[in-house]
Structure formats: structure tokens, C-alpha cells
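**Q** The structure that follows is given in the form of C-alpha cells.
Please treat every number below as a calculation from the coordinates, not as lab data. Since this is a predicted model, take the numbers as computed values, not measurements. As a convention, Cβ positions derive from the backbone with ideal geometry for all residues, glycine included, and neighbour counts pool all protein chains shown.
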Amino acid sequence: MNLPGPSATEEACASSSAPLLERPPAPRLPPVLDVNGLRKSYRTPDGDTKLVVAVDRFTLAAGAQLGLKGSSGSGKTTFLNLIAGIVKSDAGSILLNGVELTELPESKRDRLRATTLGCVYQSFNLLQGYTCLDNVLLAMSFGAGRDRAFATALLGRVGLSHRLDYYPRQLSIGQQQRVAVARALANRPKLVLADEPTGNLDATLAAETLALLREACAEQNAALLLVSHDRDILAQFEHVAEFKQLNHPANS
Ligand code: ADP
Ligand code: MG
């Protein structure tokens, strides 16, 4: 039996790039971060004012991962600290998960940071007097509330199930940074800020730790904004932006 061949129309459709069935558009989530007209100056020791951050527009989509590349002294840490609400801006707007951070009083800013953000620093910033598990539980107590099962699961995810009761000083450098990764995810953040997080690790450990950070953020649906001057580290990212393309303190 001969099956009917495709009609001319069917062949045209099959060979064209137009989809045969219209897919419904993917739902557009609001950006997790939307920065507008952000300015920050510092006073220099000789009394001058130095503009350090002048970012007209920067957005980051929910769940996105972006590496920001910039040289030392270019204002990367200041930019992240503004987003975290640790440093107060002179002007501009920072919408974090839809909330205007710059208009919040300090207590609400701290609360928004605790519930929305996770941070990973170059120097880890673990609390030395607390075990790994307690470092994660303490972070939870400022945000979503202590959840021992989830804290244990996070530490397991970063390969530290066997080190829950160890103090930071009893861990290797790489293990300490993995505790910091678990802690950053403790409150199921929408955004993780990472400031040169692998700067204290050797190249192999840096690559492994960053891969873990990226995977863990993706699993937890957290966006990741990482700043670094290290090409090898940034090479892991699909999306990398030059901080100097974004930040124009000299022209403002
Ligand atoms: P990066 O992280 O890219 O190395 P920073 O944001 O740490 O850059 O610093 C950018 C500039 O802002 C530097 O010139 C630094 O000296 C200055 N700066 C940062 N913090 C302060 C501060 N608290 N007081 C005065 N100047 C500061
Ligand atoms: Mg810095």
C-alpha cells in the first residue's frame, strides 16, 4: 500500500524554520535584581570626593548566572555591597526581588538581605567559634528560621556530611569555602553574591569550588552574581560582562 507523500504545503512547513505549533510564550519572571542610576562616592584621605560606582542600568534575571570581570580597585566590592545593602548608596534605585532596597530602614534592609541574599566572600567569613553545622544554622536564624535537616542536607551537598561538628580551624581551606557555599544557600536565597570567592584557593580547588557553587545555586533556583579578576574562573560562566562597560565613574 502506498502511503500518501507529504503535500507541498507540508514540505514547505517542514523545511521552514517556522514552528508548526505555536508554543505559548515562556512566562517572564521579573528580574531578581534591577539597578538604576546607582551612584556611590567615597571621601579620599585628602578630603576629595571620589565617585566609585556609577551604574546606570543593570538587571539580572531570576536564576541567571553572571560573571563580572573587573580589575582590582574598579569598584566591584562596593557594587556588591550596595546590592547587599551593606553600603548605602548616594543615589539610585536597587530593586531586589521586587523590593526597593534603598528606601528601607536599616532593620528591614537587614531582614531583606537575610531572606533574599546569600553571600560568599574571598575570606570565607565563617564564625570561628561555631561548628560547620552551627555556622549554617546561625545564618538560618537571621532568615528563614533554623532547619537542621536542610542545614545537614546542604552540608552534605558540599561534601561535608562527615564534618558537621568540626570547627572552621579544623578544616582545609577548600572545606571552609564549601561551608561558606552551604551557608550562602541556607535561607533559600533568590540571589547569591560572590566576591572573588575563590581568590584564596589554588587553581584546581578554585575551579572545583566554583563548579560546586554554580551547581548548588542552580539546584536551589538562586541567581548567581560573581565578581572576579580571574580569567580562568570567569571562563566557567556562559555569561560574562566587563564591569567597566557597566560602571562609568569617570564619565558621570
Ligand atoms: P574592587 O573590589 O574592584 O577591588 P573596591 O570596591 O574595593 O574595588 O574599591 C573601589 C575604590 O573605592 C578603591 O579606590 C577604594 O580605595 C575605594 N573605597 C572602597 N571602600 C572605601 C571606603 N570605605 N572608604 C573610602 N574609599 C573606599
Ligand atoms: Mg574587591
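**Q** Are there DSSP H segments in the chain that both extend 20 Å or more along their axis (alpha-carbon positions) and score a mean Kyte-Doolittle hydropathy of at least 0.5? List them, or say none.
**A** Details: long enough: 203-219 (24 Å, 0.71).
Long hydrophobic helices here: 203-219.
**Q** Using a Gaussian network model on the chain with a 10 Å cutoff between Cα atoms, which of GLU242, GLU219, GLU196 fluctuates the most?
**A** Checking each option, the largest mean-square fluctuation is seen for GLU219.
**Q** Taking the Cα centre of the chain as origin and charging only Cβ (+1 Lys, Arg; -1 Asp, Glu), how large is the dipole, in debye to the nearest 20?
**A** Working: 26 positive and 25 negative charges, 147 e Å.
Once rounded to the nearest 20, the dipole reads 700 debye.
**Q** At a threshold of 8 angstrom on Cα-Cα distance, excluding pairs fewer than six apart, so keeping six or more, what relative contact order does the stretch 26-121 reach in percent?
**A** 31 percent.
**Q** So how many Lys-Lys pairs in the chain land under 28 Å Cα to Cα, not counting same-chain pairs under 8 apart?
**A** 23
**Q** Also, I was wondering about something else. Starting from the Cα gyration tensor of the chain, multiply each eigenvalue by 5, take the square root, and state the resulting semi-axes largest first in whole Å.
**A** Computed over the chain, the values are 37, 27, 19 Å.
**Q** Can you tell me the length gained on complete extension of the stretch ARG43 to VAL99, counting 0.36 nm per residue apart and subtracting the Cα distance?
**A** Values: separation 56, 0.36 × 56 = 20.16 nm, distance 2.89 nm.
Gain on extension, ARG43 to VAL99, equals 17.3 nm.
**Q** Fewest Cβ neighbours within 10 Å first, please rank ASP232, ASP34 accordingly.
**A** Values: ASP232 12, ASP34 17.
Final ranking by Cβ density, sparse to dense: ASP232, ASP34.
**Q** Where a ≥ b ≥ c are the square roots of the eigenvalues of the C-alpha gyration tensor, would you call the stretch 72-209 rounded, which needs a/c under 1.5, or, failing that, prolate if a/b is larger than b/c, or oblate? It would help to have the intermediate numbers written out before the result.
**A** Numbers: a/c = 2.38, a/b = 1.41, b/c = 1.68.
Cα axes put the stretch 72-209 in the oblate bin.
**Q** Relative contact order for the stretch 97-176: what percent, with Cα pairs under 8 Å and sequence separation of 6 or more? Don't skip to the end; give the middle numbers.
**A** Numbers: 52 pairs, mean separation 25.5, N = 80.
So the answer I get is 32 percent.
**Q** With contacts defined as alpha carbon pairs under 8 Å and 6 or more residues apart, what's the relative contact order of the chain in percent?
**A** Working: 435 pairs, mean separation 66.1, N = 252.
Dividing the mean separation by the residue count of the chain yields 26 percent.
**Q** While we're on this one: Which of the three applies to the stretch 158-220, rounded, prolate or oblate, going by the alpha-carbon gyration tensor with a ≥ b ≥ c and a/c under 1.5 meaning rounded?
**A** Values: a/c = 1.78, a/b = 1.15, b/c = 1.54.
In terms of gyration-tensor shape, oblate.
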